[in-house]
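The structure follows.
Values quoted throughout were computed directly from the atomic coordinates according to the rules given, and no laboratory measurement underlies them. It should be emphasised that the depicted structure is a prediction, and the values quoted were computed from it without experimental measurement. FYI the Cβ positions are ideal-geometry reconstructions off the backbone, even for glycines, and counts take in every protein chain you see.
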Amino acid sequence: MKIFEYMGKYDYEQLVLCHDEQSGLKAIICIHDTTLGPALGGTRMWTYDTEEAAIEDALRLARGMTYKNAAAGLNLGGGKTVVIGDPKKDKSEALFRALGRYIQSLNGRYITAEDVGTTVEDMDTIREETKFVTGVSPAFGSSGNPSPVTAYGVYKGMKAASKVAFGDDSLKGKVVAVQGVGHVAYNLCKHLHEEGAKLIVTDINQANVDRAVQEFGAEAVNPDKIYDVACDIFAPCALGAIINDETIERLTCKVVAGAANNQLKEEKHGEMLEQKGIIYAPDYVINAGGVINVADELYGYNRDRAMRRVETIYDNILKVFEIAKRDGIPSYQAADRMAEERIAAMRNTRSTFLRSEHSILSHR
Ligand SMILES: NC(=O)c1ccc[n+]([C@@H]2O[C@H](COP(=O)([O-])OP(=O)(O)OC[C@H]3O[C@@H](n4cnc5c(N)ncnc54)[C@H](O)[C@@H]3O)[C@@H](O)[C@H]2O)c1
Ligand SMILES: CC(C)C[C@H](N)C(=O)O
């Protein structure tokens, strides 16, 4: 990969390689765009096959956070951290404290939180070294695990997408096929069950499947069968790239709305869904509840205020479809346009000179 060429293509700001021999820390912090404010995005811990794959993931995920934060109306830019390692074996206090010191060294240009492979406890450890961390334990006055709030946002966004698809946002009696019933989807299933939706679930973790069957009366299917079940809504809540040439043919749903990041394997798959008459709720718009929730910590966490903002995901999804209709484009492009328009508008607004932002005058 030609790193500077890639950074130039998508206008990245900064890529930081962090190394600490003793703790084994090998991390990449990527800051994509800070037009709207400091870059906020989680720390992912994963066993990458190559260092290049880890750098590519950091770059891709950081840019995704720019769009997610902008579309959610947050005054935050996009960034992400990738830690190379096995979250089951390689975690230690020293590793996360070393990472915390690197985050602190960026002096607030980047703020972290949880992502795949990291937990509230890891954020608490990072907090020992830096104040630029969110998703920290409620004991510190913070918001804790973002997953239930992400789930609530997905539930609201699914209702909005259903309104577009069926003319009515009630999920009562709707059949929802859920791929992966982990932290987010377990809570999503709870909301769906309470509203009277019928659930079909799958997971590679049998205990998670059993819990959904017992608690919500869900029907269980094998992981490779979830694309074939007759359903109204397909909710991808496990992996990325699951909307692709092979799966689109098999889907029978009218709506795709779920928590997983990067659901479309390629952009053309957003167009293929559209051609098949499937309403696609863009992933980074519908799954923004977690980041909205942790971002509230920056103002002194207030759950009511955070949840009010998460509720706006409903209107945001409707807005995406209005833009799609207005401009005659698929919903994934409409979401990008919504985010890009906001960044461009704020770039212009923030170009007005403010003395406090210019250190050249700081001695006066
Ligand atoms: N946690 C959040 O707040 C948050 C916020 C935004 C986006 N997301 C995204 O939502 C998705 C779910 O996040 P989570 O925190 O619930 O993760 P999780 O790891 O708790 O849950 C994912 C579940 O998917 C299952 N799974 C993995 N591969 C599968 C497969 N091939 N088929 C079926 N099931 C499979 C796992 O066993 C697990 O139960 C991820 O893509 C994540 O990036 C999460
Ligand atoms: C800041 C985090 C809560 C972000 C979350 N991991 C996401 O992908 O949106």
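Of Lys89/Lys265; Lys225/Lys276; Lys265/Lys319; Lys91/Lys225; Lys26/Lys225, which sit over 28 Å apart, Cα to Cα? Don't jump to the answer; show the numbers that get you there.
Details: Lys89/Lys265 30 Å; Lys225/Lys276 20 Å; Lys265/Lys319 24 Å; Lys91/Lys225 35 Å; Lys26/Lys225 38 Å.
From Lys89/Lys265; Lys225/Lys276; Lys265/Lys319; Lys91/Lys225; Lys26/Lys225, over 28 Å: Lys89/Lys265; Lys91/Lys225; Lys26/Lys225.
Separation of region 225-289 and region 84-133 by C-alpha centroid, Å?
Cα centroid to Cα centroid, the span is 32 Å.
With the calculation restricted to Cα positions, what are the radius of gyration and Dmax of region 248-364 in angstrom?
Values for region 248-364 (Cα only, Rg and Dmax): 18.6, 67 Å.
In region 233-252, whose amide N lies under 15 Å from the spot 7 Å out along Cα-to-Cβ of Lys268? List them in ranges.
243-249
For a quick check of your reading of the filter: which trypsin sites (Lys or Arg not before Pro) in region 251-304 sit in a DSSP loop and have no more than 14 other Cβ atoms within 10 Å?
On the way: sites: Lys254, Lys265, Lys268, Lys276, Arg303; in loops: Lys254, Lys265, Lys276.
Passing sites in region 251-304 are Lys276.
Taking the simple approach of a point 7 Å from Cα along Cα-to-Cβ for both Asp169 and Lys89, what is their distance in nm?
Roughly 4.7 nm, to one decimal.
While we're here: Tally Lys and Arg at +1 and Asp and Glu at -1 over the other residues with C-beta under 11 Å from the C-beta of Cys237: what net charge comes out? Provide the component values of the computation, followed by the final result.
Details: positive: none; negative: Asp203, Asp283.
Net local charge, Cys237 excluded: -2.
How charged is the neighbourhood of Gln104? Take every other residue with its Cβ under 14 Å from the Cβ of Gln104, and add Lys/Arg as +1 and Asp/Glu as -1.
On the way: positive: Arg97, Arg101, Arg109, Arg127, Lys131; negative: Asp20, Glu128, Glu129.
So the surrounding residues net to +2.
Taking the alpha-carbon set of region 134-178, what are its Rg and Dmax in Å?
15.0, 44
If you place +1 on the Cβ of every Lys and Arg, -1 on the Cβ of every Asp and Glu, and leave all else neutral, what size is the dipole of region 248-363 about its Cα centre, to the nearest 20 Debye?
Working: 17 positive and 17 negative charges, 37 e Å.
Magnitude of the dipole: close to 180 debye.
For the chain, go through all pairs of different Cα atoms, get the mean of 1/r, take its inverse, and jot down that Kirkwood value in Å.
Details: mean 1/r = 0.0476 Å⁻¹.
Computed over the chain, the radius equals 21.0 Å.
Another question, then. Kindly identify region 136-241 as rounded, prolate or oblate by the Cα gyration tensor criterion: order the square roots of the eigenvalues as a ≥ b ≥ c, call it rounded if a/c is under 1.5, otherwise compare a/b with b/c, prolate if a/b is larger, else oblate.
oblate
Sticking with this one: Rounded, prolate or oblate: which fits region 1-151 when a ≥ b ≥ c are the square roots of the eigenvalues of the alpha-carbon gyration tensor, with rounded for a/c under 1.5 and prolate only if a/b beats b/c? Write down the numbers at each step before the final one.
Working: a/c = 1.59, a/b = 1.09, b/c = 1.45.
Verdict is oblate for region 1-151.
Using the 10 angstrom Cβ neighbour count as an exposure proxy, how do Thr202, Thr349, Thr119 rank, fewest first?
Values: Thr202 24, Thr349 9, Thr119 15.
Result, fewest neighbours first: Thr349, Thr119, Thr202.
Now, a different point. For a quick check of your reading of the filter: which trypsin sites (Lys or Arg not before Pro) in region 168-229 sit in a DSSP loop and have no more than 12 other Cβ atoms within 10 Å? Mind showing how you got there, number by number?
Working: sites: Lys172, Lys174, Lys190, Lys198, Arg211, Lys225; in loops: Lys172, Lys174.
Taking region 168-229 and a limit of 12 other Cβ atoms within 10 Å, the loop trypsin sites (Lys or Arg not before Pro) found are Lys172.
Which aspartates and glutamates, if any, have their Cα less than 12 Å from the Cα of Lys163, not counting same-chain residues under 8 positions apart?
Reachable aspartates and glutamates: Asp315.
Can you tell me the order of 286-299, 126-139 when each peptide is scored by its average per-residue count of other Cβ atoms within 10 angstrom, highest first? Spell out each step's value before the answer.
Details: 286-299: 25.0, 126-139: 19.9.
The most tightly packed comes first, giving 286-299, 126-139.
Additional query: Restricting attention to region 1-95, which chymotrypsin sites (Phe, Trp or Tyr not before Pro) occupy a DSSP loop and are surrounded by at most 16 other Cβ atoms within 10 Å? Walk me through the numbers on the way to the answer.
Working: sites: Phe4, Tyr6, Tyr10, Tyr12, Trp46, Tyr48, Tyr67; in loops: Tyr10, Tyr12, Tyr48.
When the chymotrypsin sites (Phe, Trp or Tyr not before Pro) of region 1-95 are filtered for loop state and at most 16 Cβ neighbours within 10 Å, Tyr10 remain.
Around Arg305, with a cut-off of 14 angstrom between Cβ atoms, what is the net charge of the other residues, counting Lys and Arg +1 and Asp and Glu -1? Working shown, then result.
Working: positive: Arg303, Arg308, Arg309; negative: Asp296, Glu297, Asp304, Glu311.
For residues surrounding Arg305, the net value is -1.
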